[in-house]
Amino acid sequence: MNVRLHIERLILEDLPIAGSQRALVQGAVERELARLIEVNGVGPDTMAGGARPSVPHTVMHMAEGATPIQLGQQIAQAVYQGIGKLP
């Protein structure tokens, strides 16, 4: 099964990273979202191909000293809450 997910815009306020770390965060978000979808699937609305103007936002509390990869994983998990099928 192939799932195609397009995120037009992801707004992240007060993200404690340098510009040079953005690619690391982006890659971690993509990998973690792919992993979550592969392991748990997606919700019926998402599977039906429904486009959404937004998903419910989540307030994230980031650990001090978190790496860009850890931040990306946490962001992906928050996004997945809006589109996924939680176990």
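The values are calculated or read from the model by the stated rules, or taken from the named source; none is laboratory data. Everything numeric here is computed off the predicted structure, so don't read it as measured data. FYI the Cβ positions are ideal-geometry reconstructions off the backbone, even for glycines, and counts take in every protein chain you see. SASA here: full protein model, heavy atoms, side chains in, ligands and nucleic acids out. Shrake-Rupley method; radii C 1.70, N 1.55, O 1.52, S 1.80 Å.
Figures for the structure shown
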quantity: Every pair of residues 6+ apart whose Cβ atoms lie under 9 Å, when the first sits in the stretch 36-47 and is at positive phi and assigned to a loop (DSSP other than H, G, I, E, B) while the second is modelled with pLDDT under 90 and open to solvent by less than 30 Å² (accessible area, probe 1.4 Å); calculated: Gly41/Gly84
quantity: Output for the stretch 4-24, where each listed residue is surrounded by 12 or more Cβ atoms within 10 Å (Cβ to Cβ) and outside any loop (DSSP other than H, G, I, E, B); calculated: Gln21, Arg22, Leu24
